[in-house]
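Beneath this line is the structure, given in structure tokens, with notes to follow.
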Amino acid sequence: MAEHDPLPVESNEPTPSARSASVVFRRDDAGQGGSLMDPAHQSLADALRITLRLVQFGTLILAVLFVFSGAKTVREGERGIRLRFGKVTQSDLPPGIHLSWPYPIGDLVKIETGSRQVVEETAFWPYLTESEKKQSIQTVYGREELDPARDGSLITADGNLAHAKWRIDYRRDPLAANLFAQNMHPEFEERIIRAAARRGAVQAVAGVTVDQLLKEGASGPGSLADRARQIAQDTLDKAQSGLTIDAMVLIDKIPPLRVREDFVRVQSAEADAQASLDQARQAASTTLNAAAGGVHADMAALIEQYEEATDALSAARVDGDASRISEWEHRETDLLSEIDALSESPKAGGAVASKILAATAFVSEEAQRRRADLARYRALLAQYQSNPVVTIPMVLADGISPFLTRDNVEVFLAPPGLSYVTARFNRDIEAIRSAEAARKLREAQEATRRRQQEQQEAEFKTQTDILTGEEG
């Protein structure tokens, strides 16, 4: 295709008038223009470079801050759980500063593990008005009926109703903090604890009678409160709650208000009976200690065995069984030897020790007296053999002297040289009265001594006969 010159185009616009140009652009060589634009390009490049460095440094700072934003402090009484993409990577982190991936990559969850307390006041307690709540429960009058929709109660093993208040001491187990974080929501924690505690209380009380419940006092191992705690803890463990109940305490327990006074009278009678029993035991212990000291228990057992052996020996003699008679005679001898040995032991005391000591002293004194009598007899015999005229009057004087010193004997002295004396007189009234008073005093003292001895012997007598009676 041939090339043609462009055709002239007609235009109706007016042609501007020719005038001189105010500015004239000239194209110089490239080297001169490039040298004029280099400073501007250099300044722009430097600015962009600095901006890039600032952006890079800021990005690095943000990245570091993002990484370290996962660092958290676990305080005392807390345990930490490290997560990554929602999965537990480490649990039971101790107090201190710990790193984890920041959210949403990971997280570090803190669980409070301090002890907490919940009081269950209304679930098993009768309904009380606001004014009654300010009073002691002992002053609230009984009601004719219980409303199950309003009044709380527990059913005992014997089918009775009772009311109780409980306190639950629990904590989040540090070793199971991950279970708590996975399965529990803090808003429902107390409700779950109450539900488990109520279940434990209902099942534990259902295993005892109402009397046992009202007498319950301790909260240690094996108690009603401890059984309730175990049942509640089993419930929490099955739910994998991560919660541990340290104690369930039975704060208060009462029978139904309508029959409370009857229960109080029964409890008062039982308390009086227990007090009397304690007094009797105390009296028995005092009496036994006074009788035999620290060996009274062993002594009583040996005496009881001796009495059984005596009864068996009597029965054997009635039957005429020679072998049994010999057996029980040896048994009696052995028991008496054991009783004697126990009575003479250092632990023996009281009346037994006193009697043993008195018997020992009597044996010693009697032996000394008899040795002295023997020595005196031998001396008098030798004196009589050498000079009987002097010895006989001396012995007679010694023999009659105790008779003349009696209270009921009066002695009259006569001058020497009289062949005979005739005397008529009455006895001395004062002497008679003094002798009678002395005699009565000796009789009273002897009667008192015998009575005390009989009372002491009666304390240690054991009734061995069998009492039988007919029931009407």
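The values are calculated or read from the model by the stated rules, or taken from the named source; none is laboratory data. Small disclaimer: the values here were computed from a predicted structure and weren't measured. Note that we place each Cβ from the backbone using ideal geometry, even for glycine, and neighbour counts take in every protein chain shown.
Here are some notes:
- Tally, over the stretch 168-188, of residues that are out of contact with any Asp or Glu (no Cβ under 8 Å at 6 or more places or on another chain) and among the small types (Gly, Ala, Ser): 2
- Checking Ser100 against (1) at pLDDT below 70; (2) outside any strand (DSSP E or B), the condition it does not meet: (1)
- Residues being touching a Ser or Thr at 6+ places or on another chain (Cβ under 8 Å) and within 25 Å of Arg442 (Cα to Cα) - total across the stretch 375-426: 1
- Scanning the stretch 150-199 for residues that are without any contact (Cβ under 8 Å) to a residue 12 or more places away in the chain and either touching a Pro at 6+ places or on another chain (Cβ under 7 Å) or over 19 Å from Gln230 (Cα atoms) (or both) returns Gly159, His185, Pro186, Glu187, Phe188.
- Taking the conditions (1) outside any loop (DSSP other than H, G, I, E, B); (2) at pLDDT 70 or above; (3) not small (Gly, Ala, Ser) in turn, Glu76 satisfies each one other than (1).
- Residue check for Asp237: free of Cβ contacts under 8 Å to residues at least 12 places away in the same chain and either assigned by TED's automatic domain parsing to the domain that holds Lys133 or farther than 24 Å from Ser115 by Cβ (or both): yes
- Among the criteria (1) under 30 Å from Thr286 (Cβ atoms); (2) in contact (Cβ under 8 Å) with a residue 12 or more places away in the chain; (3) among the aliphatic types (A, V, I, L, M), the one Leu313 does not fulfil is (1).
- Filtering Ser268, Ser241 for residues that are of a type in the set (Ser, Thr, Tyr) and exposed (fewer than 13 other Cβ atoms within 10 Å of the Cβ) leaves a single hit, Ser268.
- Scanning the stretch 114-136 for residues that are part of a helix (DSSP H, G or I) and surrounded by fewer than 14 Cβ atoms within 10 Å (Cβ to Cβ) turns up Glu130, Ser131, Lys133.
- Val205 buried (at least 21 other Cβ atoms within 10 Å of the Cβ), farther than 18 Å from Val119 by Cβ and modelled with pLDDT under 95: no
- Every residue from the stretch 137-169 that is among the basic types (Lys, Arg) and assigned to a strand (DSSP E or B): Lys165, Arg167
- Yes/no for Ala284 being small (Gly, Ala, Ser), assigned to a helix (DSSP H, G or I), touching a Gly at 6+ places or on another chain (Cβ under 7 Å) and not assigned by TED's automatic domain parsing to the domain that holds Ser153: no
- Here Ala375, Ala316, Ala359, Ala341 are screened, and the one residue that is in contact with a Phe, Trp or Tyr (Cβ under 7 Å, 6 or more places away or on another chain) and at pLDDT 80 or above is Ala316.
- With respect to the conditions (1) over 30 Å from Ala309 (Cβ atoms); (2) modelled with pLDDT of 85 or more; (3) of a type in the set (A, V, I, L, M), Ala414 falls short on a single one, namely (2).
- In the set Val210, Val259, only one residue is surrounded by fewer than 16 Cβ atoms within 10 Å (Cβ to Cβ), touching a residue at least 24 places away in the same chain (Cβ under 8 Å) and either among the small types (Gly, Ala, Ser) or farther than 30 Å from Ile325 by Cβ (or both); that residue is Val259.
- As a summary of the residue check, Arg424 satisfies the conditions (1) surrounded by 10 or more Cβ atoms within 10 Å (Cβ to Cβ); (2) at pLDDT below 85 except for the one numbered (1).
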